[in-house]
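The values are calculated or read from the model by the stated rules, or taken from the named source; none is laboratory data. For clarity, every value in this text was computed on a predicted model and none was experimentally measured. Note that we place each Cβ from the backbone using ideal geometry, even for glycine, and neighbour counts take in every protein chain shown. Keep in mind that these areas ignore ligands, DNA and RNA; they rest on the heavy atoms of the full protein, side chains included. Shrake-Rupley method; radii C 1.70, N 1.55, O 1.52, S 1.80 Å.
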Amino acid sequence: MSDALFQPYARSPLDPLDLAGQAVRPSPENGAWANEVRLLAYLTLRGDSADPAYARAVRTVCGLSLPDAGRYVSGVAGVLLWRSPNECLLLTSRRQAASLRVALVEAFAGLLAEVVDQSGGLTTVYLAGAEQVTVLRHMGGYDFGSLEPGQAIATVFGKTAAVVMRADAHGVHLIVRRSFAAYLWALLARSARPYAFTVGRLPAAGTDPVLCLQEGATVLDRQDRVAV
Amino acid sequence: MFLIYCPYCKATREEEEFHNAGEAFIARPADPEAASDEEWGDYLFMRKNPKGWHWEQWQHAAGCGRVFAVKRHTLSYRIAGSWTLAAGKALFLQEGGV
Ligand SMILES: [Zn+2]
């Protein structure tokens, strides 16, 4: 086999659904719209959040303090989500991921802490529109109306679990395992059908801390980001 | 449906997010090699199954993944509270639990 035939490319979990091909500019008539935030990088950080040396190492590399239970913090390095007392998830861009991972491994030397690149195993779905909370209520039992910017919680959606993160008043991000991404998408699309659901084109710029991690995104105003 | 408080997430969530992980604070024989078959069998298989207050382990499977202690009434299904395993064990011993 010739080497010239081997041209690897990154394929996001929902690429087979061709969401990009279906995406339209959402209108106010669309009560709910969604799309996949493709090919972000996901680093799992494990370490005891009560250990000041671990917290210092994370702050030095990412510029972020460890988030409180059920919350996230964001900055230039990305979004750091609380997952459990000894686990955080860092959403970042593929561009930054490798250097962040190396820097974290170095900073964790001598500590009981580790960093694992899970970029291949997770993806994010962005849900927006006036009826977004109604759609979430169809999908799971959590009190989604109470979720405020700065909060990120993991809960059950039908037969899978996902992290729900409220970015701002405009929309929420659902972070799900690759293997359940198609299921979650189908559940979402079916639940949202009564509200004139459409696949929407993601804004290429904005203050949403996750959307601005996309390839080619421009950040309008970093000051507006949720800092907790 | 239970509403269970997770001491790690510091939030009350629906039972759907949790897995029951059985009776809490079952003491493993200190020296398994020296334990009689009966002692070992009790440890593995025999459970209190009370009608009344029961110390249980619950795992916040869909949330933080942690296991913690819940004191629940098996008849009324009332939940007295949730604690981390260490805090729950201290309370359990204080109540004279064995
Ligand atoms: Zn929890």
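Quick check for me: using +1 on Lys/Arg Cβ and -1 on Asp/Glu Cβ, what's the dipole size of the protein assembly as shown about its Cα centre, in debye to the nearest 20? Please report the intermediate quantities before stating the final value.
Working: 32 positive and 33 negative charges, 138 e Å.
That gives the protein assembly as shown a dipole magnitude of about 660 debye.
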With a 10 Å cut-off between alpha carbons and a GNM built on chain A, which of A:Pro26, A:Pro52, A:Pro149 moves the most? A:Pro52
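Given a Förster radius of 25 Å and the C-beta distance between B:Glu39 and B:Glu95 as r, what FRET efficiency does 1/(1 + (r/R0)^6) yield to the nearest 0.05? Could you put the intermediate results ahead of the total?
Values: r = 24 Å, r/R0 = 0.95.
Approximately 0.60, to the nearest 0.05.
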Dipole axis of segment B:1-83 (+1 Lys, Arg; -1 Asp, Glu on Cβ), positive-most option in B:Tyr43, B:Trp58, B:Ala27: B:Trp58
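Between A:Leu111 and A:Arg177, what is the FRET efficiency for a Förster distance of 25 Å, r being their Cβ-Cβ separation, to the nearest 0.05?
0.35
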Show which lysines lie in cross-link reach of B:Lys48 when reach means a straight Cα distance below 25 angstrom and same-chain residues fewer than eight apart are skipped. B:Lys71, B:Lys89
Relative contact order, percent, of chain A when contacts are C-alpha pairs under 8 Å separated by at least 6 residues? 26
Working from Cα positions, state the angle (0 to 90°, nearest 10) between the long axis of helix A:178-192 and the longest principal axis of chain A. 40
Taking chain A as the reference, fit the longest principal axis to its C-alpha atoms, fit the long axis of helix A:52-62 to the helix C-alpha atoms, and give the angle between the two in degrees, 0 to 90, nearest 10. 60
Output the 0 to 90 degree angle, nearest 10, between the alpha-carbon long axis of helix B:85-94 and the longest principal axis computed from the alpha carbons of chain B. 60
Among the aspartates and glutamates, which have Cα under 18 Å from the Cα of B:Lys51 when same-chain residues fewer than 8 positions away are ignored? B:Glu23, B:Glu95
Consider just the alpha-carbon atoms of segment B:34-94 and return their Rg together with their Dmax, both in angstrom. 14.0, 40
I'd like the distance separating the alpha-carbon centroids of segment B:7-68 and segment A:88-117, in whole Å. 35
For segment A:162-169, just list the computed ³J(HN,Hα) in residue order, Karplus coefficients 6.51, -1.76 and 1.60, θ = phi - 60°, integers in Hz, with x standing in for Gly and Pro. 8, 8, 10, 10, 8, 7, 7, 5
One finds the C-alpha centres of segment A:1-36 and segment A:141-216 to be spaced, in Å, by 16
Expressed in angstrom and ordered largest first, the alpha-carbon extents of segment A:41-119 along the principal axes are 30, 28, 20
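What does the helix-only formula give at 222 nm for chain B: each DSSP H stretch with n ≥ 4 adding -39500 (n - 2.57), the total divided by the residues, and the result rounded to the nearest 500 deg cm²/dmol? All intermediate terms of the calculation are to be shown ahead of the outcome.
Working: 2 runs with 19 residues, N = 98.
Helices in chain B give a 222 nm mean residue ellipticity of -5500 deg cm²/dmol.
Work out the length of the dipole vector of segment B:11-98 about its Cα centre, built from +1 on the beta-carbon of each Lys and Arg and -1 on the beta-carbon of each Asp and Glu, and round it to the nearest 20 debye. Working shown, then result.
Working: 10 positive and 13 negative charges, 101 e Å.
It works out to roughly 480 debye.
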Based on the Kirkwood radius over alpha-carbon pairs, what is the Stokes-Einstein translational diffusion coefficient of chain A at 4 °C with 1.567 mPa s viscosity, in µm²/s? 71
What is the percent carbon and sulfur in the accessible area of the protein assembly as shown, measuring with a 1.4 Å probe over the protein chains and ignoring ligands? 52
For Cα pairs less than 8 Å apart in space and 6+ apart in sequence, what is the mean separation divided by the residue count of segment B:8-98, i.e. the relative contact order in percent? 26
